[in-house]
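**Student:** Sharing a structure below in structure tokens format, with a few things to ask.
The values are calculated or read from the model by the stated rules, or taken from the named source; none is laboratory data. If you're wondering where the values come from, they're calculated on a predicted model, not measured in any experiment. Counting neighbours? That spans all protein chains shown, and the Cβs are built from the backbone with ideal geometry, glycine included. The accessibility values were calculated without ligands, DNA or RNA, using every heavy atom of the protein model including side chains. Shrake-Rupley method; radii C 1.70, N 1.55, O 1.52, S 1.80 Å.
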Amino acid sequence: MPMCWKLRWLVWAVTGKDIHYHADNDFLLAGICSEGQQRILYAWARNAPNLSLPEGVAFEISGNTGISSLVLQLHFGDPHHMPTNWNLANGQIGLTLEVTRQKHEKLAGVYVLGTGGSIKPNSTTFLETACVIEEHKTIYPFAFRTHSHSLGKVISGYRVRVNEPGNCKWSLIGKKNPQLPQMFYPVEQSVPVKNGDILAARCTMESDRDITYIGSTRNDEMCNFYIMYYVTDGKILEENVCFSGWPYENYWKNASPSLNNIPKDASLL
């Protein structure tokens, strides 16, 4: 895709009946759907390569899934890079998906860990989040993606298991510099996640400016760790986001109960 590296793509699956848009001050604002739920299927940025799913793995849409629409969003880091004339016919703007009616044994889903909060001026800040998997199923992560704006240096994601005495065992799912092409990279190791496990993510932010808040504009920051996974029981997770952790700075230590045995290299590549 011959696009500017500041372009970011997101594909949403929408279960609502209506997709709702409204204009305000000449800008088009989108609340993905007026009712129902939405979940991210795919995200891409910084001239990353294409995504190929593992053999036998597929996202399920339509039919009995409740997903009635797919929505493609394009986020530009600089509005001056937006094309003045959109040309869908020659592939200038678009995303190609491979679709089949064949049933797949492994159904794919995406789980997103993210934070709110802020980055302190002229310092290093650790923004962290963690959530317990409460559904009675096992997911198998096979790819991960990191996302921040300009201040992110390292984003890491883990599965955490807590034994009877309360000691945490951390298994790395993935770790990456978010300034690199933002694609779904293969996981570092095979780490099945089951009921009672904790998924945790940290964004290491380094600032050389005034305080910066988490937000949606290019002047804000973002802290996201995406996990692409598959299941073998025919149903993906109902809960697909984790934004637990206020205040997000150093949340792992301050959570109740706190997470211990935190990897010393969580912010190192």
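**Student:** Can you give the local net charge around GLY152? Use residues other than it whose beta-carbon is closer than 11 angstrom to its beta-carbon, Lys and Arg +1, Asp and Glu -1.
**Tutor:** Details: positive: LYS153, LYS176, ARG202; negative: GLU206, GLU221.
In short, +1.
**Student:** Taking the convex hull of the Cα atoms, report for the range 159-269 its projected area averaged over all directions, in nm². Before the final figure, lay out the partial values.
**Tutor:** Numbers: hull surface 36.0 nm².
Quarter of the Cα hull surface area: 9.0 nm².
**Student:** While we're on this one: Could you work out how far the C-alpha centroid of the range 158-178 sits from that of the range 224-261, in angstrom?
**Tutor:** A separation of 11 Å, based on Cα centres.
**Student:** On the accessible surface of the range 196-269, probed at 1.4 Å, how many percent belong to carbon and sulfur atoms? Can you show the working numbers first?
**Tutor:** On the way: 1930 of 4010 Å².
Answer for the range 196-269 is 48 percent, counting heavy atoms of protein chains only.
**Student:** Still on this model: What spacing in nm lies between the two simple spin-label points modelled at TYR213 and LEU268, each 7 Å away from Cα in the Cβ direction?
**Tutor:** 3.6 nm
**Student:** Would you mind counting up the charge near THR212? Only other residues with Cβ under 9 Å from its Cβ, with Lys and Arg at +1 and Asp and Glu at -1. Could you put the intermediate results ahead of the total?
**Tutor:** Values: positive: LYS120, ARG209; negative: ASP210, ASP220, GLU221.
That works out to -1.
**Student:** Hey, with R₀ at 51 Å, roughly what FRET efficiency would LYS120 and GLU164 work out to, going by the Cβ-Cβ distance, to 0.05?
**Tutor:** 0.85
**Student:** Where Lys and Arg each count +1 and Asp and Glu each count -1, what net charge lies around PHE225 among other residues with Cβ under 11 Å from its Cβ?
**Tutor:** So the environment of PHE225 carries a net charge of +3.
**Student:** Report the FRET efficiency, 1/(1 + (r/R0)^6), for LEU180 and ASN261, where r is their Cβ-Cβ distance and R0 is 25 Å, rounded to 0.05. Working shown, then result.
**Tutor:** Values: r = 28 Å, r/R0 = 1.12.
FRET efficiency, LEU180 to ASN261: 0.35.
**Student:** What shape does the range 172-214 take by its C-alpha gyration tensor, where a ≥ b ≥ c are the square roots of the eigenvalues and a/c under 1.5 counts as rounded, a/b above b/c as prolate, and the rest as oblate?
**Tutor:** Numbers: a/c = 3.59, a/b = 1.73, b/c = 2.07.
Oblate is the answer for the range 172-214, as a/c is 1.5 or above yet b/c matches or exceeds a/b.
**Student:** Which trypsin sites (Lys or Arg not before Pro) in the range 167-269 pass both tests, a DSSP loop state and at most 16 other beta-carbon atoms within 10 Å? Intermediate values should be presented prior to the final figure.
**Tutor:** Working: sites: LYS169, LYS175, LYS176, LYS194, ARG202, ARG209, ARG218, LYS235, LYS253, LYS264; in loops: LYS194, ARG209, ARG218, LYS235, LYS264.
For trypsin sites (Lys or Arg not before Pro) across the range 167-269 that sit outside H, G, I, E and B with at most 16 neighbouring Cβ atoms in 10 Å, the list reads LYS194, ARG209, ARG218, LYS235, LYS264.
**Student:** Let me ask another. Please turn the phi angles of the range 171-188 into ³J(HN,Hα) values with the Karplus equation 6.51 cos²θ - 1.76 cosθ + 1.60 (θ = phi - 60°), one per residue in order, whole Hz, x for glycine and proline.
**Tutor:** Here the 3J(HN,Hα) series is 10, 6, 8, x, 8, 7, 7, x, 7, 7, x, 8, 10, 8, 8, x, 5, 5 Hz.
**Student:** How much length is gained on full extension from ASN50 to GLU135, taking 0.36 nm per residue of separation minus their Cα-Cα distance?
**Tutor:** Numbers: separation 85, 0.36 × 85 = 30.60 nm, distance 3.12 nm.
Here the answer is 27.5 nm.
**Student:** Which value, in Å², gives the accessible area per residue of the range 101-197 when a 1.4 Å probe is used on the protein heavy atoms?
**Tutor:** Details: 4230 Å² over 97 residues.
Each residue of the range 101-197 exposes 44 Å² on average to a 1.4 Å probe.
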